[in-house]
1. Filter region A:922-948 for residues that are surrounded by fewer than 16 Cβ atoms within 10 Å (Cβ to Cβ) and either within 14 Å of another protein chain (Cβ to nearest Cβ) or among the aliphatic types (A, V, I, L, M) (or both) and give the result.
2. Among the residues of region A:369-421, how many are out of contact with any strand residue (DSSP E or B) (no Cβ under 7 Å at 6 or more places or on another chain), among the small types (Gly, Ala, Ser) and assigned to a helix (DSSP H, G or I)?
3. For the structure I just gave you, tell me whether A:Asn143 is of a type in the set (S, T, N, Q) and either in contact with a Pro (Cβ under 8 Å, 6 or more places away or on another chain) or within 14 Å of another protein chain (Cβ to nearest Cβ) (or both).
4. Do you know which residues across region A:224-260 are outside any helix (DSSP H, G or I), closer than 20 Å to A:Gln102 by Cβ and out of contact with any Leu (no Cβ under 6 Å at 6 or more places or on another chain)?
5. I'm checking my understanding of the structure. Among residues of region A:222-234 that are under 9 Å from A:Glu367 (Cα atoms) and not aliphatic (A, V, I, L, M), which one is farthest from the chain's Cα centre (by Cα)?
6. Filter region B:347-378 down to the residues that are under 20 Å from B:Ala258 (Cα atoms), at the interface with another protein chain (Cβ under 10 Å from one of its Cβ atoms) and assigned to a loop (DSSP other than H, G, I, E, B) and list them by number.
7. (1) farther than 28 Å from B:Phe252 by Cα; (2) within 24 Å of the chain's Cα centre (by Cα): which one isn't true of B:Ala374, the others all being true?
8. Taking region A:982-995 as the search range and keeping residues that are in contact (Cβ under 8 Å) with a residue 12 or more places away in the chain and farther than 27 Å from A:Tyr150 by Cα, which one is farthest from the other protein chains (Cβ to nearest Cβ)?
Amino acid sequence: MSSTKRYWKDLGELHQDTEALKGREHEFPQEMAIDQVLGDQSFAGASTGRRDFLKFLGFSLGAATLAACETPVVKSIPYVNKPEDITPGVANWYASTFYDGQDFASVLVKTREGRPIHIKGNPRFGINRNPALDKGSINARINSSVLSLYDNERLKGFMMKSGEGMVSAPEGEVDEAVAKGLAAAAGAGKRIVVLTNTVISPSIKAAVAELKAKYATVEHVQYDAISYSGLTNANAKSFGARVMPSYDLTKADVIVSMDADFLSNWGSSTEHTWQYASRRNPDGSMNRHFQFESRMSLSGANADERTAIKPSELATAVISLHDQIAKRTGGAAVGGGSDMDEATKRAADALLGARGKSVVLCGSNDEGTQVLVNSINSMLGNYGSTIDLANHTFFKQGDDAAVAQLVKDMNAGSIGALLIAGVNPMYSLPNAEEFKAGLAKVALSVSFSAYADETASLCSYICPDNHYLESWNDFMPKVGEYALAQPAIRPLFKTRQWGESLLRWSGNDSTWHAYVKGTWQRELAARGGMSAAFEDTWNMAVHNGVYSAAATAAAAPAFSGDVNAAAATARKAAQAGEWEVVLYTTEAIGDGQHANNPWLQEMPDPVTKVTWDNYVCMSPADMLTILKSDDFRDLYIGEASPAKLVKVTVGGVELELPAVPSPGQKSGTLAIALGYGRGANGERVGRAACVTDHNGEWKPVGRNAYPLTAMNGGTMSYSAAASVAFTGATYPLAITQTHLTHMDRHSVVKETSVGVYKAGDKEAYNPSHLLAVHEDVNGDGAIDARDKKPVREFDLWEEHPVEGVGHRWGLSIDLNSCIGCGACVTACNSENNISVVGKDEVRRSREMHWLRVDRYFSSDTKWAEGRAEGRSKIELYRKMEVPSNSPSMVFMPVMCQHCNHAPCETVCPVAATTHSNEGLNQMTYNRCIGTRYCANNCPYKVRRFNWFNYTTEKFGEVNPAWDDLGRMVLNPDVTVRARGVIEKCSMCVQSIQAGKLEAKKAGRPVKDGDIETACSAACGTGAIVFGDLNDKTSKVRGLATSDRSYHMLEEIGVQPNVNYLVKVRNTEEEATA
Amino acid sequence: MSLAARISERFPGLLHASLAVLLVLSFSNAHAQGFDEALYTKGEKLFKGNCGACHKPDKNLTGPALAGSRARWEGQGDIYAWIKNSSAYLKTGNAYANKLFADWKGSVMTAQAVSDEEIDAILYYADNFPGPLQVKDDQTPPAPTPVQGTDAWPWLIVLGLLFLVVTISLSGVKRSLDSAVRDAEGRKPAQDRSILQHIGNWAWNNKIAASFIGLFFVVWLLLQGWNALWTIGIYGGDEVAQNYKPEQPILFNHTLHAGKVEAGNLAINCQYCHSSAEKSKHAGIPSTNICMNCHQAVGEGRTPEGTAEIAKIYRAVGWDPEKLAYTGEEEPIRWVKVHNLPDHAYFNHAQHVAVGKIECQECHGPIDEKMDVAEQWAPLTMGWCIDCHGQREVQMAGNGYYDETMARLHNNEIGHRELKSYLEDGKITVKELGGWECAKCHY
């Protein structure tokens, strides 16, 4: 039986809200943008008379005509000495590494004429490489990082404090002053603290050691804005090693995640995503994923079984799981489990069925809870198999206690100098005011921040660090794994790598490049096992971006933690309340470092589909309670329906934010994203971190929720008891979920369970669409509704000669592997010069994304059950509309489907959109006159209209292509579209053409895998596969002809070249249905 | 363009004649006595064959200038032995030879298989350089004069205006004569009517003819205007006489460099300089270091103007022709782009040069025959592009990519049908494989 779940995109649709339903009839919710076009010019106050107007008209017509006659003189300036490996017009790719304390990935940087313009995962090397698919897994923050290189608000040189503000200062002067300050601090016996994020660079560590050799009082404190101290401390207690282990999810048959959003931001997520997805293929052995969490996270959305719990219940849930496993493995139970024994029992059963091939992950930052989780994994024998402590990572070394002590010491006056790199404590510490007071007492404070941000603007000096694309750097993500970052462009401004600054102040004149190389020479020689001379090894490492030494064998160390003590502290740490707040990080913004990146701000959140804001996620029922309403329409958020503003209070700290209903959220919980509200005191923290809001005020995007965090039991806590109240005010929210509905059809997403799938009957889970015809098809002698033919046999259009003729490009999208991360969306932005339009335009549903990731909630009520209970049809439908407490979710990337019988092509009056003989639906901007007929006729709503020239000053705050520096990120092979034309996914035709040309030049056929679209290259989980459908051996053809393959809205017969693969969930219940 | 050059263009004969006269004069002064032309010619031949790569008669290059070398060696040692095998001669410990070796930074001259007589001839040539043979140089074909459109329009307009003035004054004369006659005959003087009034009267009397003529003029004007609009911003092509030929910072002569040897040019392959034409979308303006591959040795043009232009390369690349060393002071050359496509059109040289095997001249015109300064020859309009795509046969032979294309067409029925329709005209054109599709050039 195919899944009979009913899908809805938003509550408005679910409850048949009139505005939502009215809205979906229109592709473009507003009739015309004329009011804005006129408002733009402020004609109202003009004093020009009619005659003057005519004179101007005549003059400008004449002037324009004359000007048009003159060909502009274009200068062309070649190199004086052309570097050997650069050919203008041909892209060079360099292997490098992205690391910002939060994410780590080996990447490839695409440069054109010396400018980095695109980033993708390294397909051949690195820990984030998916070896089965030869793809590097990355997330949206990583591929968007190329844009931050060209942020005009980056500091252009060294700065020093002068009075209240900062003024620019010559490098030499700053060096001299800092060296003097350090000497003074060391001379006075005061401590010199280097405060950084987690440093995994051997060279930085060596440079800090050199500084310590010169000034004996140097001390290194590591601080992670999103702390993992609980986990690392627990590992110290359990196994004597304060580290974050390596997890190998490819070996895990069962994954139980206790509030760890491991597919989004938790831990080494670029590894977890591909590892997880590699076990989601229903034809292989599928893993089974349990998720316990409060808010609907990306991991929860992908889980096979999800249980909503309050944050205060996490400890008891872990204890409950622990005891059930302890009882059955002969371990010691601690007692006092939760009342969710049913859910934990199912998880425990699954775990026990997969001993040594399972893993329990826990996102709590509480030490006790993590010790219990270690105990569970130890009892299950997961150490040495799915969890590797011998080859542990070097991520997340931050120590909350050390940071707290530092703030105390600063206030006590025992810190002589503070050097701050990679962290922003004034923004991310809950006790920022205390830090500020302490900083005032530190004689010398130096920031290496690239911006005069919250912390840097208070320091005595700023020595801005290079952007990572301008830098040499080295990393050791794991034991035996090394990575290199090489510069892809010379520094744009007078900045210096902060490691080199440390060297200068220690009296070492070496360049950072030479220093890194020297460190490697020492390090690799000490490690041994180099197969070639160092120079060759080094060159190879620069080329690959990675050097892997021989791995140590994984070991299963004995668990030596005290579970009873752990359970006691875990229980004590849990702060129960009527309302509980959960602080999390989003897929786009993370801990807030990249809040200045407009691509990320405009990327809709995978779950809530909100852009340009943070907000309070609440269960829809809870929202109705605090709004004192029983009408679900009050929850609708749209262009004309702003969100309701609520006030959240945690321990005396108040925060007013819009509330967003989030099905699946645990009742009684509030979820608020961290990382927003950068630059709240007017600091220039980057281009898009602050924008002009609906009141015309220049304000930070979102509000800072870090003040709601607090130290709890020695570690930072990201949940707390809270109170919430409706303020009565409203707030406009740019939310993309209601704009693009699907006409209530149910052939959009298909989902089934692994049992049904394995039974092998395609018609059961992926029935083909049949239409009734007026002829006796089944031969029963009567023409009736049973006479049906497959959709494919109906044609309004003449057949395109596609099969076997040349290429036919196609995409196959596996709903099973898609985890909804959105890396494809930002990759598409970068490759195709897609305009960022800003919150106000997104609110009017004018976002320009060529690729969106739709998400659908599902209801738990099923046809079969209802029928068995003897309900009437109406009753059944009504029941199906009621949201379950824990709806499952499906993500579906949607781009132009490149229909062979495209409805858009037939309605274009000027033939601006046409079909190619390679199966592409082509959009010709210079021919488009902007009637928008095509967009109205597109059943997939993928065509976007340029309402404005987004490269003008009006969009300068958000659109990177506005200024000369920002324009450097544009892909020179793709036209920047002007006002008044439609645009849409071209299936990266520029890459197709380039790939074909390479093949032609080499005189060989195009090989499968030669050409990748930006989205397929960015998809580390392999959900998006691109290829030639006419190539019988291609992967995409295999997928397109497989049993799971279907076309979206197949019944309308437009014959897309994009196909989807039915989602198969590893659940038991439906298997029997 | 300098005045001299302009004059020389207009009156090439004059320049040649005057040059010849000057040279003959100088020859008769300088070489009046005892010039051995046979020896000089022999020496020149030998010099060009054996020495020219590293030496110049009158200037230092990789090695010293040869003129006066015999005098310099006078009493210092054996110049013959030195020339024949310099390494061996150095070992004899000759002080002057070792000084020379040190002065020239230890560059070793390879041993030369020449006889003493031949050395005499070479040195004679060097000492007497440039010799009388400049006259002969002048006989090599002059740099081709640029194609000038037969621009007769201004003259026609001037003639027309003159004709008009004459007509008007004649009619004035006629009128005054007429009135004088009337006066003499005692008749009433005729109404003094202007030509316009005449025309007006005529038109009033012949309304139908006048309206036809009027209509004709209006339509003609509109058509002219319409056609003129189509040519805005378009250069080159058969229809438009004036090609886009901007003044360049360096008067680089394409014909001289790329033209045929028979015509006295250098016949350098286009892709020697425009090397990325077969690799990239851009043919590429060569970087200055490419110029220096040859011009490090070739510091002089065929004319003093040419030498001045070469000096500009040296300035750009930071080359000191006296010291024969790079100064490190670089100044990129700001060329003016000649072929400008609109931003929304994608063009790739590699596709056309490497895959389509199209000669440069097919789009860029006779650049090697008559373009001293690069100019836009083809109109570069979309119509011009697709005309070619509609006719041009795809170069399939020997290309595995197209073998696969053909194999697929042969594989099924739709393919067969398509292939048959392709081959109706006996060839597979670019258009038939999708060369007229929008997204081949617009994305």
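The values are calculated or read from the model by the stated rules, or taken from the named source; none is laboratory data. These numbers were taken from a predicted model, which means no experiment stands behind them. Heads up, the Cβs are rebuilt from the backbone with ideal geometry, glycines too, and the neighbour counts pull from every protein chain shown.
1. A:Ile929
2. 4
3. no
4. Kept after step one, since they are outside any helix (DSSP H, G or I), are these residues of region A:224-260: A:224-228, A:240-248, A:252-260.
Among the residues that remain, those that are also closer than 20 Å to A:Gln102 by Cβ are: A:224-228, A:242-247, A:257, A:259-260.
Listed by number, the residues that qualify are A:Asp224, A:Ala225, A:Ile226, A:Ser227, A:Tyr228, A:Arg242, A:Val243, A:Met244, A:Ser246, A:Tyr247.
5. Keep residues of region A:222-234 that are under 9 Å from A:Glu367 (Cα atoms), which gives A:229-234.
In the following step, the residues that additionally are not aliphatic (A, V, I, L, M) were identified as A:229-230, A:232-233.
Working: A:Ser229: 24, A:Gly230: 24, A:Thr232: 25, A:Asn233: 28 Å.
Checking each candidate, the answer is A:Asn233.
6. Residue satisfying the conditions is B:Gln376 alone.
7. (1)
8. Narrowing region A:982-995 to residues in contact (Cβ under 8 Å) with a residue 12 or more places away in the chain: A:982-992, A:994-995.
Then keep just the ones that are farther than 27 Å from A:Tyr150 by Cα; that gives A:982, A:992, A:995.
Working: A:Ile982: 13, A:Ile992: 9, A:Gly995: 11 Å.
Going through the qualifying residues, I end up with A:Ile982.
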